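Notes follow once the structure below has been shown.
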Amino acid sequence: MEYRHAKHSILDDQIKGLIGAGYYPNKSELTIDALQYLFSKRQDLRVASAVELYQEGKVTLSRAAEIAGMVSEEFKGVLAEKGLKIKVGSLSDEEFDEGLELIKDIRENSK
């Protein structure tokens, strides 16, 4: 426990030092930069966050794939490996009717 506190104290001092030296205007900006760097080096963390966001319904499949740094098909493979199902969005009645009308128009115009 004491070692953990010492590490935390050193980290706090380093953060204050970078802000004091003018590298960052505040702790929030430093944190954002540090996380962007971390995600750029650790694909496993990008994938884990993307899977979690997708499972929570906070992002679409394509957005989750983008977060993970993958194409959609590759991300689908990750979901399958984890035993997770791909969510299929449902259309509202209005969207369904619009789609149906579009299909009818296309069929009529192709005759």
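The count of lysine pairs in the chain with alpha-carbon distances below 13 Å, taking only pairs 8 or more places apart or on different chains, stands at 4.
So, with a 1.4 angstrom probe, what is the percent of accessible area on region 26-101 that is carbon and sulfur? The nonpolar share, carbon plus sulfur, comes to 54 percent.
For the chain, the extents of the C-alpha atoms along the principal axes are 75, 34, 23 Å, listed from largest to smallest.
For the chain, the solvent-accessible area of protein heavy atoms averages 82 Å² per residue (probe radius 1.4 Å; ligands and nucleic acids excluded).
For the chain, with only Lys/Arg (+1) and Asp/Glu (-1) charged at the beta-carbon, what is the dipole magnitude about the Cα centre, in debye rounded to 20? Using Cβ point charges on Lys, Arg, Asp and Glu, the chain gives about 620 debye. Derived scalar couplings between HN and Hα for region 50-55 equal 5, 4, 5, 4, 5, 4 Hz in order, rounded to whole Hz, by the Karplus curve 6.51 cos²θ - 1.76 cosθ + 1.60 (θ = phi - 60°), x for Gly and Pro. 3J(HN,Hα) along region 103-108, derived from phi through the Karplus expression 6.51 cos²θ - 1.76 cosθ + 1.60 where θ = phi - 60°, amounts to 4, 4, 4, 5, 5, 5 Hz, with x in place of Gly and Pro. Across Glu101, Glu81, Glu73, mean-square fluctuation computed from a Gaussian network of the chain (C-alpha pairs under 10 Å connected) peaks at Glu101.
The 3J(HN,Hα) values that the Karplus relation (6.51, -1.76, 1.60; θ = phi - 60°) gives for region 25-33 are, in residue order, x, 6, 5, 4, 5, 5, 4, 4, 4 Hz. Gly and Pro appear as x.
The values are calculated or read from the model by the stated rules, or taken from the named source; none is laboratory data. Everything quoted here is computed from the prediction, not taken from an experiment. Here Cβ is always computed from backbone atoms with ideal geometry, including for glycine, and neighbour counts include all displayed protein chains. These area figures cover heavy atoms from the full protein model, side chains too; ligands, DNA and RNA do not enter into them. Shrake-Rupley method; radii C 1.70, N 1.55, O 1.52, S 1.80 Å.
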